[in-house]
Structures are given as structure tokens and as C-alpha cells.
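Read through the structure below, which is laid out as C-alpha cells, and then see the notes.
The values are calculated or read from the model by the stated rules, or taken from the named source; none is laboratory data. Everything numeric here is computed off the predicted structure, so don't read it as measured data. Ideal geometry is used to build each Cβ from the backbone, glycine not excepted, and the neighbour counts take in all protein chains shown. These accessible areas exclude ligands, DNA and RNA; they are computed on the full protein's heavy atoms, side chains included. Shrake-Rupley method; radii C 1.70, N 1.55, O 1.52, S 1.80 Å.
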Amino acid sequence: PHWFYRKVTDTRERWVPFSAQDSERLEEAHGAGKEQDNVVVPTSGGRYDVLLKRRQRVAVYWDEEVSEVRRCTWFYKGDKDKYVPYSESFSEELEEAYMIAVTLDEWKKKLESPSREVIILHNPKLMVHYHPVASSDDWVSTPTEQGRPRTVKRGVENIAVEIPNGEPLQIDHLVFVVHGIGPACDIRFRSIVQCVNDFRNVSLSMLQAHFRKAQEQQQVGRVEFLPVNWHSSLHSTGVDVDLERITLPSINRLRHFINDTILDVFFYNSSTYCQTIVDTVASEMNRLHRLFLQRNPLFKGGVSIAGHSLGSLILFDLLTNQKADSKEDEHRAQGPRTTSSSGGIEEVKEILKKLELSEYCDVFEKEKMDRQALFLCTEKNLEEMGIPLGPRVKIRHYINSQADTQVCFLHGLCSFHHIPTLLSHERTLLSNPNFSLSQVSANYPQLNYKPTIFFAFGSPIGMFLTVRGVKRIDPNYSLPTCKGFFNIFHPFDPVAYRIEPMIVPDVEFEPMLLPHHKGRKRMHLELKEGLTRMSVDLKNNLLGSLRVAWQSFTRAPVPALEAAGTDGEAEAEAGTGTGTEKQLDTKPEEPPAAVKEEPPLINVGRLNRGNRIDYVLQEKPIESFNEYLFALQGHLCYWESEDTVLLVLKEIYQTQGITLDQPLPGSQ
């Protein structure tokens, strides 16, 4: 027998086999005795439990409809040549009839299923299944054998079905994946659970292809990826009902699509719903982490996080507002000297004294106003405190004039309740001469763990920081509890933005080209580079020929005997040409430097331990024909991208001292 479960998608049902190791485990538990009513068997890498007596498959980490489970021995060919298992009770009847026919060598056995379907056992190799034909004659009570016969098979080894071996039991690392806007995460409108399943499956194939030696030495097991869903919690707050009342009836589908997806961006910029989103993401990741440790008590690996689209921005804001350990704070303080941006009441008194407003010190002290609170004060706040118009104007002018040297209390980078020490008072991490004090803020929860690496897929983090008024990220800044950060994007992704130019704004350089998982550049990119190099070479040769011709016309005639002069004389003679000659002589030397593939080493700061942050995928040949046509697909391609998955695995295992079997060209 082999065990299957029923999967329903878009009102279509199909029976999916458990992996070989899961089926063996289920069969072993089944054979141990049916009196065990509460037997639960973990399957699919521990992400699903099978309630053996109830024959149900239940998701462990997320909400999902319960699936029916069957112990299967007999199958018939259904629609689209897919084999469908009979029920367990009817399979026992078939097996009993088959064994009698084999023992007595008496065939032509006819059985009727509970759904009035006829099965005829002609011989061991020919068994057919007839669907009942609807008849208008009410007196006809027995099904006929009319209709197209369907093949019947005994045993899973006789049907065309792919049975996976199963996943490695050893889990080396845990990664939480946060989705972006809307309930659908790819071009096929699938959920985050389905997309992460694809990502996990690709990771298993990449481990077999690129970490084979480590697997043979039992150094590598697998990486577990768990989805984090915040969209359903946000839209269960009743906001959809409120939106429905104000939504126009025209272009109904488009309006509902916008309400369900694009409005998530606006929700995140709302103080009310932003708090709901960050609370949901943080609490869900903490819940999943606790549950995972309960089910895997021997797990000693690290935890990383990944976010797609808006999900990466949510994670970035969460990570920016995490509290580092006191030891780490001391270590950070020993680096480039930093001073807190939020001083106490004494610093506020100094500011008031400087503005000749010392008589209001008692008012600010009574309201417990520190420096941070002072810079968050609005005109209305000062008026409510009883500050007259003149002093209010002075205080507001001072706040605005100091804006370029203060830490920007921007939504997502700092909260009212926790301001991380990002930078010094004199040299700010975020330079923003015209920042607004009316930015939305939230109380960011703390995670129960320190992420090893943060992966951002198709991320708009750079754009949101710029819109919030952030012009530059200090090279000495790193996330308080996460030292690794990779910004991965497709070249045609319309939502993705770079991070490195915000750290090094004065230097133009390309993002790191992500190596192809098969170890070379795509052929069309190599061809494009070859043509570019060829055109530059032709240009250089043409300019070189013109230079030689110009020199022959402009050089003064010399006696033939002087032609045997030394090389030094020839060089000196070449240096006596006209200014135009010098210009032509030096110009052709520049292009070769421009076509160097390896740019000079660039300091991109500590955000990723000094390593590069921006990584761009190689577009497929068909995608290069029209960038606009594949823009949407470029934003949703990461779930099945082998190159993306391989970079994630490479960086995760590199923290454990495990490398690829063969380093990919261009990887660092």
C-alpha cells in the first residue's frame, strides 16, 4: 500500500502521493495497531500532521483546509489520464475478489462499487472500470457496462505517478518568508504558502546539485522555509466592509483588485493599520519560531528572514527598530563615536536657555519633554502646553534649522518608543534637510531571535526611504540585530530599487551580477558583451590608425641617419607634437579602461558586513526582447528562480563554513 492525500485547487481535486519515507512511516504506524486513536504522524518535513484514525492531513504552521488521507492499493484511470485511488473499503473488496480469482484461476469477476460503477476483472493484466450510464427508465436498477471503459490497476508500482523520496530529516537553518501586497504572490495568483513551497522545492534540488560533497559527508541537511501571512489579518479588521461602502459600482473587478492589493501600500502608511501590520508580522514570526522549536527540540541552527516587495520594507522597518544587546551597544559605541539623538530634560533646558526662553523650563519639565519629544512637537502641541505665540515661533524655527543635523524620526526607521543609536550628532546616518515631523510612527515589537541574514526580493526599500526624506545611509550603520543584508532584484522589476547608491552616492557602479546556477552567463548576455567589446576594439583600432596617419603628416622631416636613434629619443620626439597630436594620442587610451568587467573595490559600508548588497538576476533570452512585456513577471519571478535560491543557500551555509562544490564565476 501507498498513502495519498486529496488536494483541491480551483474546484478540481487530485490525489497526491506522500513521499516514500512518509508513506513508510504512515504504514508502520497503521500496522502498529488500530486501537491507537490519537496517533499523529508528522509528514512533509514536519509541516503537516496526519491524524491516522481520522484519515486527515492537517497543516501545522498555517491555516489550511483539512485534506482527506487514504491508504491506497487499487486505482482507476480518471480524467486526463490521472489515476484515482478507490476508497479503502472498496479496495479491500477488490483485493479479496482478486486473490480468489488468482487462487482459483476463475476470472470474469464483476463487482459493483458503492457509486454504482462496475469493475470487471478479465485477467491479471486486464481489469476495467465502467461508469454508470444515466437512464430515463426508472425500472432499470442495475448499472450497464456501456460507456468508455477505464483501466484498473493494482498497486502503486503499476501506475504512472512520481513518488518523491522525501526531504532530509536534518534541518540546518530556518527562514521566515513575508509576502508583499495582496493575497496572491505570483503571476498564477497563488498564495504565499504555495509560492514558498516552490521556493523550498527549488532549494532541495539546488542542494543536491551544488552541495553534493557536503551532503555525502552529512554536513548538510536542508533549509526550512516557512511563510508568514499578514494580509488576511489586516483585511479581517473590518476595513473591507468600510471600503465596500465607498467603492463605486463601475469597473467592479478592477476596483476590488485595487482594494485587495494596491491599497496595502496605503494601509502601511497609515498609523492605525501600520501598527496592525507590524504587530501581525512580528507576532506571527515569533509564534512560528516557538512552534518550530517545540517540534524540533534538537535544532541548533540559525534563523534568517526574507521579504518580497512590501514585505521586505516591513521587515526592514522591524529590523531597524530592534534592540541590540548591551554588549553590542558597547561594541558599537567603541567604533565611530556616537551620541544619542534624544537627550534628557537638561538638554532641553540648554536649548531653551539658548533661545532666551528659560522661563518655560518648568513647563517642559512638567510635561516630561526630552530632546526627542521636543523635535516631535507640533505647533498645536506647543499651544496646548500654554506657550505663547512668540516663543512658539522661536522653538519651531530652531527645530527646522536643526533638521539637517538631527536624526530623522521617520516612519519605519525610528519609533516614539524606541530610537536606535544609528549615528552621531554631527554626522547623521540619514541626511534630510527638509524632513517633516508629521511622519507616521508605530511601536515596533521585538523578535525573539536575532536573524542571521535578511534577504529582500524585488524590494522598494530604497524608494520608500527616499520618499520619507532619507538622502544617505551612513556607511558605519548596520542593523542592530542582523548583520547580513542582500537586496536581490530582476533587472526589469518595476518595484525594485537599489540600496548601495544611498551609501555611496558619489560613485556610479553596477550591482553585482548574480551568477547563473549552471556556472556561466546566459548566452545572449555573453553575445551582447562580445559585440560591445568588438565595437570598442574597432573604435580603438580606427582611432589608432587616425593617430598614426596624423603623426605622419605633422611630424617634421628628419635626416635618414637619425632614424637609428635610441628609443628615448623617439619618445622625446613623440612628446614634441602639437597639442592636437597629444589629444589624439591620449584619447584612445581611455576606452579600454571603460570596458573592464571588474570595477574597483568599493566600500559599501557595514550594512552587509562590508560585502556587496545589491544583486541583479540575469534576464532570460525571451525577456530581453521586450522589457515592458515582462515587467510584471520580473517582479514575481523569485519563487522559482534557481539563481535566487542558490544565492540564499550559498550565503546561509557560508556562515556555517560550508561552501559550494565548485565556486560559481563572479561570486564573492
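Here are some notes:
Table: residues versus (1) open to solvent by 50 Å² or more (accessible area, probe 1.4 Å); (2) outside the structural domain of TYR497 (by the TED database); (3) closer than 29 Å to LEU479 by Cα.
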site: VAL228; (1), (2), (3): no, no, yes
site: VAL239; (1), (2), (3): no, no, no
site: LEU254; (1), (2), (3): yes, no, no
site: ASP279; (1), (2), (3): yes, no, yes
site: ARG295; (1), (2), (3): yes, no, no
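- Which listed residue is assigned to a helix (DSSP H, G or I) and of a type outside the set (A, V, I, L, M), from GLU27, GLU13: GLU27
- Some residue of segment 161-168 being assigned to a loop (DSSP other than H, G, I, E, B), modelled with pLDDT of 85 or more and crowded, with 19+ Cβ neighbours inside 10 Å: yes
- Search result, residues across segment 386-397 that are among the hydrophobic types (A, V, I, L, M, F, W, C) and open to solvent by 40 Å² or more (accessible area, probe 1.4 Å): LEU389, VAL393
- Scanning segment 174-200 for residues that are touching a residue at least 60 places away in the same chain (Cβ under 8 Å) and open to solvent by 20 Å² or more (accessible area, probe 1.4 Å) turns up ILE181, PRO183, ALA184, ILE187, VAL193, ASP198.
- Residue, modelled with the lowest pLDDT, within segment 629-666, restricted to residues that are surrounded by 16 or more Cβ atoms within 10 Å (Cβ to Cβ), part of a loop (DSSP other than H, G, I, E, B) and not β-branched (Val, Ile, Thr): LEU664
- Filtered by the rule that a residue be more than 24 Å from ASP317 (Cα to Cα) and at pLDDT 95 or above, segment 171-196 gives ILE171, ASP172.
For every residue, the table says whether it meets (1) over 30 Å from SER191 (Cβ atoms); (2) surrounded by 12 or more Cβ atoms within 10 Å (Cβ to Cβ); (3) of a type in the set (Ser, Thr, Tyr); (4) touching a helix residue (DSSP H, G or I) at 6+ places or on another chain (Cβ under 7 Å).
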position	(1), (2), (3), (4)
ARG71	no, yes, no, yes
TYR83	no, yes, yes, no
ALA101	yes, yes, no, no
LEU111	yes, yes, no, yes
GLU117	yes, yes, no, no
MET127	yes, yes, no, no
TYR130	yes, yes, yes, no
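- Within segment 47-66, being assigned to a strand (DSSP E or B) and surrounded by fewer than 19 Cβ atoms within 10 Å (Cβ to Cβ) holds for ASP49, LEU51, GLN56, VAL58, ALA59.
- Residue within segment 50-64 that is polar (S, T, N, Q) and under 29 Å from the mean Cα position of the chain (by Cα) present: no
- Taking (1) open to solvent by 50 Å² or more (accessible area, probe 1.4 Å); (2) modelled with pLDDT of 85 or more; (3) more than 30 Å from ASP49 (Cβ to Cβ) in turn, ALA97 satisfies each apart from (1).
- Residue list for segment 201-224, restricted to those being among the hydrophobic types (A, V, I, L, M, F, W, C) and either in a helix (DSSP H, G or I) or without any contact (Cβ under 8 Å) to a residue 60 or more places away in the chain (or both): VAL202, LEU204, MET206, LEU207, ALA209, ALA214
- Looking only at segment 452-509, residues that are small (Gly, Ala, Ser) and surrounded by 24 or more Cβ atoms within 10 Å (Cβ to Cβ) come to 4 in all.
- Comparison of THR272, THR261, THR276 shows that the only residue that is without any contact (Cβ under 8 Å) to a residue 60 or more places away in the chain, among the β-branched types (Val, Ile, Thr) and over 30 Å from HIS173 (Cα atoms) is THR272.
- Any hit, segment 453-473, residues being part of a helix (DSSP H, G or I), modelled with pLDDT of 90 or more and among the polar types (S, T, N, Q): yes
- Output for segment 16-51, where each listed residue is over 24 Å from PHE292 (Cα atoms) and in contact with an Asp or Glu (Cβ under 9 Å, 6 or more places away or on another chain): PRO17
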